[in-house]
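Here the structure comes first, spelled out in structure tokens, and everything after it is commentary.
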Amino acid sequence: MLVPVEWLKEYTEFNVTIEELADRLTMAGLEVEEIEETPYGAVYSTYVTPNRPDLLSVFGVARDISALLGSKLKAPEACVTQGETDINSLAKIEIESPANCPRYSSRVITGVKVGESPAWMQERLIAAGMRPINNVVDASNYVLLELGQPLHTFDCDLLAEHKIIVRQARAGEKITTIDGEERQLDPATLVIADAVQPVAIAGIMGGFNSEVNWQTKNVLIESANFNRLSIRRSARRIGLATEASFRYERGVDPNLTLYALDRVVQLIQETGGGDIARGVIDLYPGKAEPRCIDIRPGRTSDLLGFKVTAKQIEGYLTALGMSVKHKAESLAVTVPTFRPDITREEDLIEEVGRIYGYEHIPETLLCGETLQGKDSPEGAFAAKLYEILISSGLQEVVTGTMTPAYEGGPQIPVRNPLNDEVCCLRSRLVPGMLNVIAHNAGRGVRDMAVFEIGHVVKPSSGGAFEEKFSVAAAITGTLWEETWNVDKASLAADFFLCKGITEHIFQRLGITNAEYKAEQLPGFHPTRAASIESDGKRLGVIGEVSDSLARQMDLPGRTYVFELDFEELMKRSGMRAGYAPLSRYPAVDRDLAVVISGDTAYSRVESLIREAAGELLSCLTLFDVYTGKPLQPGQKSLAFSIIFRSRERTLRDAEVDERMNAIRALLAAELGAAFRDT
Amino acid sequence: MSENTQKVLESIKKEAEEQIAAAASTVELAHIETEYLGRKGKVTELLRKTGELPKEDRPAWGQNVNKLKNMVGALIESRRSTVAAEEEASRLSQESIDVTLPGRFFRLGRRHPLTATIDEIKRVFIGLGFEVVEGPEVEEYKFNFDALNYPEDHPAMDAQMSFYITDDRLLRTQTTALQGRVMEHKKPPFRICTVGRCFRYDALDATHSHTFHQVDCFAVDEKINMADLKGTLSQFARELFGPASSVRFRPDYFPFVEPGVEYAITCFVCQGKGCPLCKMSGWIEIGGAGLIHPTILERFGIDSEKYTGFAFGLGIERVGMLRYGIDDIRLFLEDDLRFLRQF
Ligand SMILES: [Zn+2]
């Protein structure tokens, strides 16, 4: 809200500078975001928290200032000289929707001369950001700003049968509001109607048809209180936010209507003459009483952390417009209805604290029982994964939870997405990884290795969701930094580098039985993808991105990805117990080249060798995979280095030869293998 | 011994001396060694002649030839060490490299500045006895709003515009939503730290993002008050922003705390003197805090007379932007590797 500083001075005195006052207000909870210099003096631009509707008026701000500075507060005068005509002979008012209209108060003023409002009033309105219109409308806007009570003025003669009915709109009704827009109404919207049609959208905006104009003589002034939810929802449906609706949404004091009414008719009469009809029509079906709340000085000191006396509490609360009575252990405080935010002792304690000043709060550390601080199990496990992945040369990225809809697998849609790019929740991390690669390739980066650990959400049975952590990575190009005189192609990542990283993860986590099984997976190269399983449970997938997806996403080259189930990994990663003792005896090293059919899986060969080698096998390493001459077409050769070693003794050549023979025999029997010299 | 044979010895000696002195490489020296001292070498041949001499001449001859042999051997060795040193020096000089050429390295992985900041913040609070708990990003409306005291459809929610998934589920707007989840089953005393992604219906610009990260801590115990809150936040500020940091409270409103404050820390650029970063105020606002609203404690069956609590939150992006001097929040979620590789 824009608050002209000169205007504030009408209600309270202060002899601090404008900047100091702004700082005091900010530090007491009314943030002065900016001080604007205008031709009408300094104007505060304030941010009012949604719980403090009382600060949406100049007088309300003055009240806080007087409490802060201990200065006197002077309320604007509202002195009405009534005429002879009874208001009931001029207008009739009914409330059909009392739930949405707790109070409707009205006065009528006749024989007004509509003209320009006085310069002082126009200046204040302009300084507060409002446009002067005429003396009647200006007076109502002026009081709105001054006291925070929205007011609406009708040309009484344009109201059919001089009647006001507060009711819900009827289906199909329309109204042209004073901004010239025709608006469709619906029964959820509260309207002010005359005997025939709506003349205003209650609490939001008046109607064009009943507006005060230069010919208006007789004016009916509405000073009403509307249900905040009703106004908020209507304003949102209609798409209109006004000074009035802004205040009603936050809660206007229902006991303010009459005072504001008197204040505005006084101002209208001062500027436009006329005769104030005798009496007020005041329908008040939802009467609000001030609250009575006890506050204990001891509790106040305990919560704020510094000592406050009963006398200080009484002083601050009284200055804020509350009345205080002393009881044995506490103070009984009557809270006026303009402070709907104060409903219990803690609210009063906050008032005491903020007026006294939070700078008085000392600093202490939590005492009480010592508690063991710790990370969550997921956080602790993620920390382990981070360390492994980063040491593998992967860069962490953070991709969006909301994604476009992508192929492959159901996703949960966002009901009200910002746009199509963020319309679904991610069910996997890989698409985000590929996006990162495509995005960066577009900026000239060729070599990338990225990973992410984050939540994914999938639909599960019965319309429920399954939300869990996942971990994924994508690699393209090389893991090496740009360099010179090195053949880049020889450093390029491939499926096996990607697999090597996953093996490294498993090894570090103590998962020893991960199995890679060739599988056709959507989005993957048809013959270069695998699922990873352990004890029959899927740990994840790995493979090369399919050509078509790579083209579609504009990936810079062959790209390899894996995505692993975070929770399965976590479940399986044990505390690693023990280590393999080191042997003091020498090793015997043998090579073996196995010629087998090209479609025999390496894993099969490996397990047969291990089986035949027995417990003397210390290390088995594949060092060459060969096809081509002199082998037959459809054959391949796998060359191994096999190291034997015993923990108890030096091995004799003869027993190693015996093992090698057993290996050859088993491979020949099971796979029809032949053997080459290496 | 005849003069003649003496001459032979002399001439071989002279010849060897000259050849050795002239030898330029260890290879050449090896040849010379063979030529004189090898099995068919000139000196060896002389020794072999011993048997042909008269008996009485033999000892002297033998002595002289051995002398010659030793002398040639010593000369070769001495020359060899010189030549070898020269050869090594020459080889090493040919191996010279330009040490200013760029080095080679494999690219190391790095953490994202956001998650790295999260870890640092977690470390501080774990050290203060807080336990980290995880929660879902797709949160129930009742935890995100109702359990936190948001009045039905109140303007307080205007700053929390949400993405809805179903009628009663949304993408959490604050990790504070975990308060209810924790208090449903935990009895005081407890100190909890929640971390995670939050979402608000905000279009993307330099300072707003529909997706952001938050840390939210809360503690419930006997006698917790505003001073404990201030002290805890100061401790945090000192750990993260330097030992000169202090904390300032200013009243603010959040439905789940009472009293509620906005907390600021001493500007770490100007140490509170005033600079462009802190808009000359000397303070940088970090987040919201306050004492947990007693209604919330009561809702979960906690005696609000006996127990009180505090809660505070902070935006990771904001902390990250401050610490790294980043002026555009979008950089955090853009995953531009040219940006990420700087951390
Ligand atoms: Zn500064």
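Descriptive notes on the structure:
- Condition broken by B:Q235, with the remaining ones in (1) within 11 Å of another protein chain (Cβ to nearest Cβ); (2) closer than 23 Å to B:H210 by Cα satisfied: (2)
- Residue that is away from chain B (no Cβ under 13 Å) and on the phi > 0 side of the Ramachandran plot, where the choices are A:G272, A:G286, A:G305, A:G279: A:G279
- Hey, A:T343 in a loop (DSSP other than H, G, I, E, B), facing chain B (nearest Cβ under 7 Å), hydroxyl-bearing (S, T, Y) and open to solvent by 20 Å² or more (accessible area, probe 1.4 Å) or not: no
- Counting only strands (runs of 3 or more DSSP E) wholly contained in region A:1-68, the ones carrying 1 or more residues that are of a type in the set (D, E, K, R) occupy A:31-38.
- Members of region A:356-376 that are more than 7 Å from chain B (Cβ to nearest Cβ) and either under 24 Å from B:I329 (Cβ atoms) or open to solvent by less than 10 Å² (accessible area, probe 1.4 Å) (or both): A:G357
- Answer residue from region A:420-436, given it is more than 8 Å from chain B (Cβ to nearest Cβ) and not in a helix (DSSP H, G or I) and is farthest from A:G393 (Cα to Cα) among those: A:C423
- Residue selected from region A:377-410 under the condition assigned to a loop (DSSP other than H, G, I, E, B) and more than 11 Å from every other protein chain (Cβ to nearest Cβ), by the criterion nearest to the chain's Cα centre (by Cα): A:P404
- Test: residue in region A:209-227 that is in contact (Cβ under 8 Å) with a residue 12 or more places away in the chain, within 14 Å of chain B (Cβ to nearest Cβ) and under 32 Å from the mean Cα position of the chain (by Cα): yes
- Residue within region A:276-286 that is within 30 Å of B:K230 (Cβ to Cβ) and at pLDDT 95 or above present: no
- Strands (runs of 3 or more DSSP E) (entirely within region A:194-292) containing at least 2 residues that are under 22 Å from A:D54 (Cα atoms): A:219-225
- Of all the numbered requirements in (1) in contact with a helix residue (DSSP H, G or I) (Cβ under 7 Å, 6 or more places away or on another chain); (2) open to solvent by 50 Å² or more (accessible area, probe 1.4 Å); (3) facing another protein chain (nearest Cβ under 10 Å), B:V124 misses one, and that requirement is (2).
- Qualifying residue in region B:138-152 (condition: facing chain A (nearest Cβ under 8 Å), out of contact with any Lys or Arg (no Cβ under 7 Å at 6 or more places or on another chain) and surrounded by 15 or more Cβ atoms within 10 Å (Cβ to Cβ)): no
- Once region B:175-223 is narrowed to residues that are in contact with a strand residue (DSSP E or B) (Cβ under 7 Å, 6 or more places away or on another chain) and of a type in the set (D, E), the residue that is surrounded by the most Cβ atoms within 10 Å (Cβ to Cβ) is B:D216.
- Taking every residue in region A:6-26 that is closer than 14 Å to A:A62 by Cβ and pairing it with any residue that is outside any helix (DSSP H, G or I) and of a type in the set (K, R), at least 6 positions away or on another chain, the pairs with Cβ-Cβ distances below 9 Å are A:E10/A:K74; A:Y11/A:K74; A:T12/A:K72; A:T12/A:K74; A:E13/A:K72; A:E13/A:K74.
- Some residue of region B:195-217 being on the phi > 0 side of the Ramachandran plot, within 11 Å of chain A (Cβ to nearest Cβ), away from the ligand (no atom under 16 Å from the Cβ) and not in a strand (DSSP E or B): no
- Residue match in region A:586-600 (condition: under 30 Å from A:L394 (Cα atoms) and in contact with a strand residue (DSSP E or B) (Cβ under 8 Å, 6 or more places away or on another chain)): no
- Among the residues of region A:6-17, none qualifies, meaning not one is in contact with a strand residue (DSSP E or B) (Cβ under 9 Å, 6 or more places away or on another chain) and within 14 Å of another protein chain (Cβ to nearest Cβ).
- Hits in region A:156-193 - residues which are open to solvent by less than 10 Å² (accessible area, probe 1.4 Å), within 30 Å of A:E123 (Cα to Cα) and not in a helix (DSSP H, G or I): A:T177
- Residue tally, condition away from chain A (no Cβ under 11 Å) and touching a Ser or Thr at 6+ places or on another chain (Cβ under 8 Å), over region B:239-280: 10
- Test: residue in region B:69-83 that is more than 30 Å from B:L340 (Cβ to Cβ), in a loop (DSSP other than H, G, I, E, B) and either more than 60 Å from the chain's Cα centre (by Cα) or at pLDDT 90 or above (or both): no
- Among helices (runs of 4 or more DSSP H) entirely within region B:224-335, having at least 2 residues that are under 25 Å from B:K142 (Cα atoms), open to solvent by less than 10 Å² (accessible area, probe 1.4 Å) and more than 16 Å from the ligand (Cβ to nearest atom) singles out B:294-299.
- Residue under evaluation A:N141, criteria (1) part of a helix (DSSP H, G or I); (2) open to solvent by 50 Å² or more (accessible area, probe 1.4 Å), criterion not met: (2)
The values are calculated or read from the model by the stated rules, or taken from the named source; none is laboratory data. No experiment lies behind these values; they were computed from the predicted model shown. Note that we place each Cβ from the backbone using ideal geometry, even for glycine, and neighbour counts take in every protein chain shown. Side chains are part of the model used for accessible areas, which takes the heavy atoms of the whole protein and leaves out ligands, DNA and RNA. Shrake-Rupley method; radii C 1.70, N 1.55, O 1.52, S 1.80 Å.
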